[in-house]
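The values are calculated or read from the model by the stated rules, or taken from the named source; none is laboratory data. Remember, predicted model here, so these are calculated numbers, not experimental data. Note: ideal-geometry Cβ built from the backbone for every residue, glycine included; neighbour counts use all protein chains shown. Keep in mind that these areas ignore ligands, DNA and RNA; they rest on the heavy atoms of the full protein, side chains included. Shrake-Rupley method; radii C 1.70, N 1.55, O 1.52, S 1.80 Å.
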Amino acid sequence: MVRNVIILGAAGRDFHNFNVFFRGNPEFRVVAFTATQIPGIAGRIYPPELSGPLYPNGIPIYHESELPELIRKFNVDEVVFSYSDVSHEHVMHLASIAMSCGASFRLLGPRDVMLKSSKPVIAVCAIRTGAGKSTVSRRVCDALKGFGVKFVVVRHPMPYGDLKAQVVQRFEKIEDLEKFNCTVEEKEEYEPHLRRGYVVYAGVDYEAILRRAESEADVIVWDGGNNDFPFFKPDLLIVVADPLRAGHEDKYFPGEVNARMADVIVINKVNVADEKSVKLVEENVRRLNPRAIIVKAASEVYVDDPNVIRGKRVLTIEDGPTLLHGDLKFGAGYVAARKFGASEIVSPKSCAVGSIREVVEKNDLLSVPALGYGEKQLRELEATINNADCDGVVIATPTDLRRFITIKKPSTMVSFELNEIEGPSLKSIVKEFLYKRK
């Protein structure tokens, strides 16, 4: 008997799980996706060009709040949870909703949804969003480049636009970001790699993406997102932990999965976290995964013009996911403002407008999240920044916002890089990995 399924998602893991496990499987009929976390996803259709011959009309995407009604409407047998960076409690609340309506609740594990590559895969993931994973990914890529290895980066998906146009995306230069009409969040993740000359793949169909990537690389670097576990089976899994959220190591899904699977755990930000928190994280990850190599690292912040900050009243701008999915009130911009001697860090509550104001107030943020999922939100971000009663603006998102919005105040860009201070260096770990693969 065919079982009716709803996949709970956020335009990423949900599409991958469908493509790998459900598409073409006659034992299941996926009647709907639901969406949360990202605005503008609900109300769309997962197109028939991607869903396959069993779904000639595609698959509708609803808001997650409609779940009970959808279970009853479609006589759903199974609800499949398929997104990331949420508390264990959150997952079980959704399980309780599904089961109270008569459906089973399911999580698909790595064996069912990880794709196997013909090339070695180094994966970089995290326990929470905003842990500093991007600095670790760049460190791994820099090491590979230094060893003369041909590699490409495959990024966790962010398919927020035209899904048919995003099946396989290959980014080689900064201009490609505009060609693919990328959101601010996508630019934040791809741009630092592109500036270094590294090719980045992303999209919707990760089987097709993997095969394309394998055709031009000797090593695949999986650059994970939102604390999800890798879509590709890793030969080396590096996981980043954040002592600014000490205690989260075994309380978030699938961050705990990553912690338990990791070959290497990088405890980042030890330069800004207190010693007690660093110790708690180390104790927790050693308890969860005694075999993992532990590396302690500092996340060092730099600015291109300290004079914008020193002695000035500044507004700080951070990447959106760190604040909204990661439960942090501030990020590298706030840290940089304090480090370089700002006289005051202006509250975003004093200047935020529209959807930016809603998320600032809802999450009690100390910095402005760089949200830009569409033109309207970009204009709200621009208005928010220009409304601020400040002397300067500290931009800590990895993409230069000044390329696509007008900032009327003096501004400076923040960069941040990893500095290993205890344990083996990532370069030495990559070198040993390559040696063992020969």
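Does residue 332 meet the test of being under 29 Å from residue 177 (Cβ atoms), at pLDDT below 95, surrounded by 17 or more Cβ atoms within 10 Å (Cβ to Cβ) and more than 21 Å from the chain's Cα centre (by Cα)? So residue 332 fails the test.
Among the residues of segment 198-238, write down those that are open to solvent by 10 Å² or more (accessible area, probe 1.4 Å) and among the aliphatic types (A, V, I, L, M). Selection gives 199, 208, 236.
So that you can scan it fast, the table gives a plain yes or no per residue for (1) at pLDDT 95 or above; (2) open to solvent by less than 10 Å² (accessible area, probe 1.4 Å):
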position	(1), (2)
243	yes, yes
257	yes, no
264	yes, yes
285	yes, yes
302	no, no
322	no, no
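Within segment 266-283, the only residue that satisfies the criterion of being free of Cβ contacts under 8 Å to residues at least 24 places away in the same chain and crowded, with 19+ Cβ neighbours inside 10 Å is 282.
Which residue out of 152, 136 is over 19 Å from residue 321 (Cα atoms) and crowded, with 23+ Cβ neighbours inside 10 Å? Going through 152, 136 in turn, just one is over 19 Å from residue 321 (Cα atoms) and crowded, with 23+ Cβ neighbours inside 10 Å: 152. Taking the numbered list (1) touching a Ser or Thr at 6+ places or on another chain (Cβ under 6 Å); (2) over 17 Å from residue 134 (Cβ atoms) in turn, residue 269 passes all entries but (2). Of all residues in segment 365-390, those that are under 15 Å from residue 333 (Cα atoms) and open to solvent by 40 Å² or more (accessible area, probe 1.4 Å) total 1. If you go through segment 77-89 and keep only what is more than 16 Å from the chain's Cα centre (by Cα), open to solvent by less than 10 Å² (accessible area, probe 1.4 Å) and of a type outside the set (Phe, Trp, Tyr), you end up with 79, 80.
Residues that are within 28 Å of residue 228 (Cβ to Cβ) and among the charged types (D, E, K, R): does segment 304-312 have at least one? No: zero hits. Every condition in (1) at pLDDT 90 or above; (2) at negative phi; (3) open to solvent by 40 Å² or more (accessible area, probe 1.4 Å) is met by residue 171 except one, and the failing one is (3). Counting the residues of segment 95-112 that are open to solvent by 10 Å² or more (accessible area, probe 1.4 Å) and of a type in the set (A, V, I, L, M, F, W, C) gives 6. A count restricted to segment 133-151 and to residues that are modelled with pLDDT of 95 or more, within 16 Å of residue 189 (Cβ to Cβ) and β-branched (Val, Ile, Thr) stands at 2.
Of all residues in segment 391-417, which are part of a strand (DSSP E or B), hydroxyl-bearing (Ser, Thr, Tyr) and open to solvent by less than 10 Å² (accessible area, probe 1.4 Å)? 412 - this is the single residue of segment 391-417 that is part of a strand (DSSP E or B), hydroxyl-bearing (Ser, Thr, Tyr) and open to solvent by less than 10 Å² (accessible area, probe 1.4 Å).
Looking only at residues in segment 37-52 that are touching a strand residue (DSSP E or B) at 6+ places or on another chain (Cβ under 7 Å) and within 18 Å of residue 13 (Cβ to Cβ), the one that is surrounded by the most Cβ atoms within 10 Å (Cβ to Cβ) is 46. Name the residue, out of 76, 91, 80, that is at pLDDT 95 or above, in contact with a strand residue (DSSP E or B) (Cβ under 6 Å, 6 or more places away or on another chain) and assigned to a loop (DSSP other than H, G, I, E, B). Among 76, 91, 80, only 76 is at pLDDT 95 or above, in contact with a strand residue (DSSP E or B) (Cβ under 6 Å, 6 or more places away or on another chain) and assigned to a loop (DSSP other than H, G, I, E, B).
Here residue 308 clears all of (1) buried (at least 21 other Cβ atoms within 10 Å of the Cβ); (2) under 21 Å from the mean Cα position of the chain (by Cα) except the condition numbered (2). Looking only at segment 69-103, residues that are of a type in the set (Asp, Glu) and under 22 Å from residue 21 (Cα atoms) come to 3 in all.
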